[in-house]
Structure formats: structure tokens, C-alpha cells
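Heads up, the thing below is written out as C-alpha cells.
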Amino acid sequence: MSETNKTESAPEAAIPHQASAPGEREVLLKVEGLQKHFPIKKGILQRQVAAVKAVDGIDFEVRKGETLGVVGESGCGKSTMGRVITRLQDPTGGSIHFEGQDITKLSTGKMRPLRRDIQMIFQDPYGSLNPRHTIGSIVSAPFRLQGVEPEGGVKKEVQRLLELVGLSPEHYNRYPHEFSGGQRQRIGIARALALKPKLVVADEPVSALDVSIQAQVVNLMDDLQQELGLTYVIIAHDLSVVRHVSDRVAVMYLGKIVEFADSSKLYESPMHPYTKALMSAVPVPDPKRRGQKNERILLRGDVPSPIAPPSGCRFHTRCWKATQICKTTEPPLLELRPGQRVACHHPENFADQAPQDVVLLSAAKEAVDLVGSAVLAEEAKQAQASAAAETASEEPAAAAEETVTAEETVSAEETVSAEETVAENQESTDK
Ligand SMILES: Nc1ncnc2c1ncn2[C@@H]1O[C@H](COP(=O)(O)OP(=O)(O)OP(=O)(O)O)[C@@H](O)[C@H]1O
């Protein structure tokens, strides 16, 4: 495909979202045994003394046109996984295949043409846009970096992209500080879509935004997927964000995938206790279904250190079902039900995988707090009231523009742009 063709408004092989069953779609990205260990060095000789095992052997595939949600608490390795699969960071083990091509060890130069096909949307819409550049300059950066001349010229194409993401083409000469958080994230999305990528990895794309704006940005991403046939990997720390848009969900815990399932199966019948705990933390908006929930699982403590993860199943130190086998033997990720893989000796909603091992570890009895139904009922009332208030409010686009504060401008100036981050990453990779 020629450079100009690549930037025409309708991609040649647009894949309508949900056109075929997710299981039948072609694999776009395949990851096997992926690892990213950050060395910890000490002393004058900077000898490696340990490693942060941020991603520690994960396997999954992303199919064309689907949305894969990746969830887990802070520190589980989700962002690192996102940066590694987009090759902004080098993996320390395993392999990554994109459209059947092994990209695990491609040099920066060889990765450059592929950068058009694989794009990333960053979490922080304040820090990821260079405050000194106009919106026109920011959104057109991918054309400059790739040496692409879109049909009709860069300005026309950037203005088309701005319209596509719900902004005015007249915003071309404005600066990031003139926009609200939601609008800035739209600018980030326009930039990511400039080269008509095949895969978009969005790292917590809405977590820095107001709840009312979050839904708008998620809906925008969903609409763009249907229009442009995009494939998404959406990273989020809580299931509520990815719940409605994901075809499948990977649940990560301490550098591992503990459950990987079709979205509907995961929500109907989670199998890993960690997934169940994450799900029970998500408020249920439907009053009829709310009645079915009478307790919430609150995990005690934090995610353990990825420098020395717990033995066996990494979740055993926080799991209310943990027995001796969980401490000694790492459970493999097995497809226990069609479309649902889980790594657990004592899964929920399924036959026990180690029925002989019945004695709970002493820590298991104190692993969680259960929140009672009275507290939940009160919370549900409050959630309903705030949901009603949110529905009533519309995106304060114009108002938000006026409320951008001087502090935001200053803090944004202290940060580097996404392009700079990418360039720096590439430089350090070269070294
Ligand atoms: N460059 C780095 N050097 C050393 N350790 C790192 C580096 N980047 C990430 N880590 C560590 O790797 C682990 C996983 O981090 P990561 O940011 O991928 O998790 P996460 O699940 O995305 O969490 P969050 O939602 O807070 O970003 C953390 O313990 C983090 O401190």
C-alpha cells in the first residue's frame, strides 16, 4: 500500500467490530513466555543483585478486530506488558509475533515501519502532550516521524482526525493547556490513529479523567473501532472500565496471567479467586442484580514485591482458599472451560483441581474482609444517586476549557511528550 493510500479515510481492510465470533478471527498479535525483568544493580561495579520481575512468563493472543482488556491491581505488570508488546521496551525473554512476523528482537530501524501499525495511547492526558506544541503539531507528529504525506496534505488530514475524535478542526492552532482532560485524551487518540494503526494499546486511557468523561472517551474508542476496524488492548486497574468494551479479558497478578476468558464468561462465572475479588469491588448498577450480591471481598494487604514473588501460586498469600499445594506448586494456566483459561488449584465455579488438599493455610483465614449487606445497600444507594447526577451532567467542554489552571500548565511543562518518550526509549534500546 502506498503512503498516500495508507492515510485515506477508510482503511482497505476494515474489520467491522463483532463481524465474526471472536474465536474465528485471525490472530494479530501472539505473545509466548513473555518476560520483562528489570535488573537491580549495586556497588561501584554495578553488579546485578536481583531483578524486578514485572512480567514473568505470559502467553496470550490478540485477534483482529477484538478488544482485549487487561486488568489487575497497581504493580501487577500491566503497563510493562503494554510497553513490551509495542516494543517501546525490550523483552528479557519469550517472543512476540505481529501478523506472523517475529518482532521480539527487531532493531529500532526495523521496527520503524511497524510503528505505523502498532500505536499506544498513554494514561496521562496532561503529561503525554507537549505543552509547547500546537495541537496541529502534536497530531501531525506521526506523519513527520514516518515521512508520510497524507492525501490532501497534513493540515487537512489532522483536521479530519480532530473531527473524527469529536473536536473542532479550528483547534489546530491551539495549545494543550487550553483543553480539558477529556479533550486532551481525544487529542492523544487522534495522534494514535493518524497512521491508521492495526493495533492500539491503550494504557489506562481514562483513569485520569472524571467518571462522567470516562464513559465518553470509552464510547469514542468503541465507535472508532467499529468505524476503522481497530484492534485494542486496553489496560485498566479496575474491571468497570473494560467490562462493556472487551471481547476477552486477561487478569494479571504479579507478572502472570491468572485468568484469560471471554468477557461474558468471566463476568458470569469468574474462576480465579483474584478475579472474583476484583469483580466484587465493581459496583453493580442494575438494582435487580444488586440484590443478588450480599457481600464484597476486600483483599487485605498489597501486591507482594515482584523482586521476590511468593512461591507456588503467587496469589496464595492473599487468597482465602489457599492450601499447601498453592504454596508449593505453581498452577498452570489451563482451559478448564471453553474460552476460559485459569491458573488455580481451587477455582471458583468449577471442580476443585486439588481435592485432596483441604487444609487451609493459616494466612488464608485472614486473607480477606467481607463487607456485609447493610453496608453494601447503603453504598448502592449512594452509587445510584451519583449515577443519576452523572447522567444529568454533560461533558463540560467549554466550561472545562475555562477551568484549566495555571498549575496544570506548569506541571504539564515539566513532563515530556509521548513522542519524546518513545524516542528516548528507542535511544536507550539502541544503547
Ligand atoms: N523501569 C523500571 N525499573 C524497575 N522496575 C520497574 C520499572 N518499570 C516498572 N517497574 C516495576 O515493575 C512492576 C510492575 O509495574 P507496572 O507499572 O508494569 O505495573 P502496573 O500493573 O501497570 O501498575 P500501575 O497501574 O501502577 O502502572 C512494579 O513493581 C514496578 O515498580
Between 136, 77, 166, which is within 16 Å of the ligand (Cβ to nearest atom) and surrounded by 15 or more Cβ atoms within 10 Å (Cβ to Cβ)?
77
Which one of these does residue 243 not meet: (1) at pLDDT below 90; (2) in contact with an Asp or Glu (Cβ under 7 Å, 6 or more places away or on another chain)?
(2)
Please go through the stretch 207-240 and pick out each residue that is within 16 Å of the ligand (Cβ to nearest atom) and crowded, with 24+ Cβ neighbours inside 10 Å.
233, 234, 235, 236
Filter the stretch 32-51 down to the residues that are away from the ligand (no atom under 12 Å from the Cβ) and either of a type in the set (D, E, K, R) or not assigned by TED's automatic domain parsing to the domain that holds residue 102 (or both), then identify the one that is modelled with the highest pLDDT.
32
Strands (runs of 3 or more DSSP E) completely within the stretch 304-378 that count 1 or more residues being over 24 Å from residue 51 (Cβ atoms) and modelled with pLDDT of 95 or more:
334-337, 340-342
Could you please let me know if residue 66 is at positive phi and away from the ligand (no atom under 12 Å from the Cβ)?
no
Considering only residues that are in a helix (DSSP H, G or I) and among the small types (Gly, Ala, Ser), look in the stretch 94-148 and name the one that is farthest from residue 187 (Cα to Cα).
109
Show me the helices (runs of 4 or more DSSP H) entirely contained within the stretch 194-268 in which 1 or more residues are under 18 Å from residue 281 (Cα atoms) and in the same structural domain as residue 31 (by TED's automatic domain parsing).
211-228, 239-243
From (1) on the phi > 0 side of the Ramachandran plot; (2) in contact (Cβ under 8 Å) with a residue 60 or more places away in the chain; (3) away from the ligand (no atom under 16 Å from the Cβ), pick out the condition that doesn't hold for residue 72.
(3)
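The values are calculated or read from the model by the stated rules, or taken from the named source; none is laboratory data. Fair warning: this is a prediction, and the values are worked out from it, not measured in the lab. Glycine gets a Cβ as well: all are built from the backbone with ideal geometry, and neighbour counts include every protein chain shown.
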